[in-house]
Amino acid sequence: YQRRVHGERIEMSDLRQQLAALTAERTQLLSLASFPSTVALLDKEIASLEQQAQAAALAAGDGSALCIGVIGCGNIGTAAALNLLRKQPQHRILVNDLLQERVNPLVAAGAVFVSDAVLLAAEVDVLITALPAPVHIVALMEKQGTLAALKRGAVWIDHTTTDATEASRLGGLAAERGVELLEAPLTGGLELLQRGLMSTLVCGPRAVYDTHLPLLRAYTTQQLFMGTRHGPASTVKVITNMLCAVHLVAAGEAMTLAVRSGMDLRMMFEAVRVSAGNSFVFETEVPLMFNQSFDPGFTVALHCKDLRLGKEIATRSATPIPLHDVAQDLYEQTRARYGDGVGSSSPAKLQQENSHCSLSLAGYERWGYSIEAVRGGGLAVVHLFRPE
């Protein structure tokens, strides 16, 4: 049972036969209530062979399939499932969400709805989770027993934004179960998510990351490996959202200052775009001020959650962040005035109202954007349906 493979191609049927034999042997040993060290060795071998089977399935393309589960079919889960269905149709996609209307389009595209998350987890080779907050992951994976239901050798890819401490704790719990966790928060915004152009920051075992890159590439355009230790990816993701908040608040102030100073809004926008004061947030969220939606596909409640996570990071590291504190206060004021469900660009709406002016500008009703990679590793915003 300690067979090792050195470079030769393993057929999926051979791997599955080995797994069946190992699992049967493990069951027999457990029934004898003895040989605990042998059972432990078998557990390791089963996990190793499961990972080899997954690698073989990914490498085989159309020839072999994985069973992939997606729990949480909001913006991220839906984009992941749809892109996997379109770009890697050899895999079987199982989906679960509390809201039936979220899974209906996925079922129509070829996914299979499983109403019980624990039953879904027991079936899959790879589990993808994308939930609103860390508390939801704890409820799903620990309290409901979803993590315990995953088989040894399974891979768990978590796209939920959390903090480093929680990511590290979850990684340890998964390892105890023989499950490999890839901590993989996404960044880039809804427009890019829907086009499969978001970036993902990943921490976890390097071999598992390398094996599962084909899956991540189905619904993200850039994958940054942040290390084998869980936590840094979540820290970076939270800090990027802190930067987004500060940029958005500053952009709202800049545009209201311009309009109250008699400036033409379109001229102001174009001038900043070619200046040193430009930013990704300015280019992609000022048009949402123009069309008055203030909605980039992310709620103010979720952004407030991320800002609280950022404040916790700063408190633990004894780092003063006065600018963040101002932005966080304005986001909380926005949430209190307009409610949890409004778009995360709504602090600019608060600024607009407090300034007694309007940032509305005709021609941006259908505005959208994409991105293009530029030499050196950066990204450039490409405006779609922008008025001339």
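The values are calculated or read from the model by the stated rules, or taken from the named source; none is laboratory data. These numbers come from a predicted model, not from an experiment. In this analysis, Cβ positions are derived from the backbone assuming ideal geometry, glycine residues included, and neighbour counts consider all displayed protein chains. Quick note on the areas: whole protein, heavy atoms, side chains included, nothing else; ligands and nucleic acids left out. Shrake-Rupley method; radii C 1.70, N 1.55, O 1.52, S 1.80 Å.
Just one of the listed residues (Ala121, Ala130) is of a type in the set (Gly, Ala, Ser) and in contact with a Lys or Arg (Cβ under 9 Å, 6 or more places away or on another chain), and it is Ala121. Could you please let me know if Ala314 is closer than 16 Å to Cys357 by Cβ, modelled with pLDDT of 95 or more and of a type in the set (A, V, I, L, M, F, W, C)? So Ala314 fails the test. Residues in region 204-230 that are part of a strand (DSSP E or B), open to solvent by 10 Å² or more (accessible area, probe 1.4 Å) and under 24 Å from Val374 (Cα atoms): Thr221, Gln222, Gln223, Leu224, Phe225, Met226. What residue, among those in region 345-388 that are modelled with pLDDT under 90 and open to solvent by 70 Å² or more (accessible area, probe 1.4 Å), is farthest from the chain's Cα centre (by Cα)? Checked region 345-388; the qualifying residue farthest from the chain's Cα centre (by Cα) is Glu388. Looking at Ala251, Ala258, Ala233, Ala245, can you tell me which residue is touching a strand residue (DSSP E or B) at 6+ places or on another chain (Cβ under 8 Å), modelled with pLDDT of 95 or more and open to solvent by less than 10 Å² (accessible area, probe 1.4 Å)? Answer to the selection: Ala233. Among helices (runs of 4 or more DSSP H) entirely within region 260-344, having at least 1 residues that are without any contact (Cβ under 8 Å) to a residue 12 or more places away in the chain, more than 26 Å from the chain's Cα centre (by Cα) and under 20 Å from Lys237 (Cα atoms) singles out 322-338. Looking only at residues in region 136-154 that are among the small types (Gly, Ala, Ser) and touching a helix residue (DSSP H, G or I) at 6+ places or on another chain (Cβ under 6 Å), the one that is least open to solvent (accessible area, probe 1.4 Å) is Gly153.
In region 345-374, the residues that are β-branched (Val, Ile, Thr) form Cβ pairs under 8 Å with partners that are open to solvent by 20 Å² or more (accessible area, probe 1.4 Å) and part of a loop (DSSP other than H, G, I, E, B), at six or more places apart or across chains, as follows: Ile371/Gly188; Ile371/Leu197.
Please go through region 105-116 and pick out each residue that is open to solvent by 10 Å² or more (accessible area, probe 1.4 Å) and touching a residue at least 12 places away in the same chain (Cβ under 8 Å). Result: Pro105, Val107, Ala109, Gly110, Val112, Phe113, Val114, Ser115, Asp116. Scanning region 345-388 for residues that are assigned to a strand (DSSP E or B) and charged (D, E, K, R) yields a total of 1. The listed residues are Leu170, Leu190, Leu147, and the only one of them that is at pLDDT below 95 and more than 14 Å from Ile68 (Cα to Cα) turns out to be Leu190. Note on region 61-101: residues that are among the acidic types (Asp, Glu) and farther than 24 Å from Gly188 by Cα amount to 2. Residues of region 155-203 that are of a type in the set (Asp, Glu), buried (at least 22 other Cβ atoms within 10 Å of the Cβ) and more than 30 Å from Phe294 (Cβ to Cβ): Glu180, Glu183.
Close Cβ contacts (under 7 Å, 6 or more residues apart or on different chains) running from residues in region 189-202 that are more than 10 Å from Tyr369 (Cβ to Cβ) to residues that are open to solvent by 40 Å² or more (accessible area, probe 1.4 Å) and among the aromatic types (Phe, Trp, Tyr) comprise Leu190/Phe298; Val202/Phe225. So Gly189 passes all but one of these: (1) in contact with a helix residue (DSSP H, G or I) (Cβ under 6 Å, 6 or more places away or on another chain); (2) of a type outside the set (Lys, Arg); (3) farther than 20 Å from Leu170 by Cβ. Which condition number does it fail? Every listed condition holds for Gly189 apart from (1).
Condition (residue is under 18 Å from Asn291 (Cα atoms), surrounded by 12 or more Cβ atoms within 10 Å (Cβ to Cβ) and of a type in the set (Phe, Trp, Tyr)) applied to region 335-344: is it met by at least one residue? Yes; the residues of region 335-344 include at least one that is under 18 Å from Asn291 (Cα atoms), surrounded by 12 or more Cβ atoms within 10 Å (Cβ to Cβ) and of a type in the set (Phe, Trp, Tyr). Scanning region 71-80 for residues that are touching a residue at least 40 places away in the same chain (Cβ under 8 Å) and farther than 16 Å from Thr146 by Cβ, we see that the one that is surrounded by the fewest Cβ atoms within 10 Å (Cβ to Cβ) is Gly74. Of everything in region 83-104 that is without any contact (Cβ under 8 Å) to a residue 60 or more places away in the chain, open to solvent by less than 70 Å² (accessible area, probe 1.4 Å) and in a helix (DSSP H, G or I), the residue that is farthest from Glu180 (Cα to Cα) is Val103.
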